């Protein structure tokens, strides 16, 4: 089991790596990166309050994609902070904006957890 700090770093790096793969049209490698950040997110969410708090720091990450993906996983445990992180991104353009819009729509439907 990794520390929350290591998991947060692993999550952010994997999201950024997946973005690069999407830009290059490399779905196979992108999916491998997605599995890494999904596993890191699950471990952080299961790690208790300190882990979730560490995960929440990504809601202010410089990368909009990292903020959107972290917010998607944090909707249930940090709803207000996640929504606040998503709103300005959703007003923009590009893949991160689309992700933010979809995550906000999911929140409005009451779907607060990623299955």
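The values are calculated or read from the model by the stated rules, or taken from the named source; none is laboratory data. Remember, predicted model here, so these are calculated numbers, not experimental data. Cβ atoms come from the backbone with ideal geometry, glycine included; neighbour counts cover every protein chain shown.
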- Note on the structure: Selection from the stretch 1-37 of residues in contact (Cβ under 8 Å) with a residue 24 or more places away in the chain and within 21 Å of residue 49 (Cα to Cα) yields 1, 2, 4, 5, 7, 8, 10, 11, 12, 37
- Message: What's the total number of residues in the stretch 57-115 that are in contact (Cβ under 8 Å) with a residue 40 or more places away in the chain and over 19 Å from residue 40 (Cβ atoms)?
- Response: 1
- Does residue 42 fit the bill of being surrounded by fewer than 18 Cβ atoms within 10 Å (Cβ to Cβ), out of contact with any helix residue (DSSP H, G or I) (no Cβ under 7 Å at 6 or more places or on another chain), under 19 Å from residue 111 (Cα atoms) and at pLDDT 95 or above? yes
- Any idea which of 87, 35, 67, 28 is surrounded by fewer than 19 Cβ atoms within 10 Å (Cβ to Cβ), at pLDDT 95 or above, part of a helix (DSSP H, G or I) and under 13 Å from the mean Cα position of the chain (by Cα)? 35
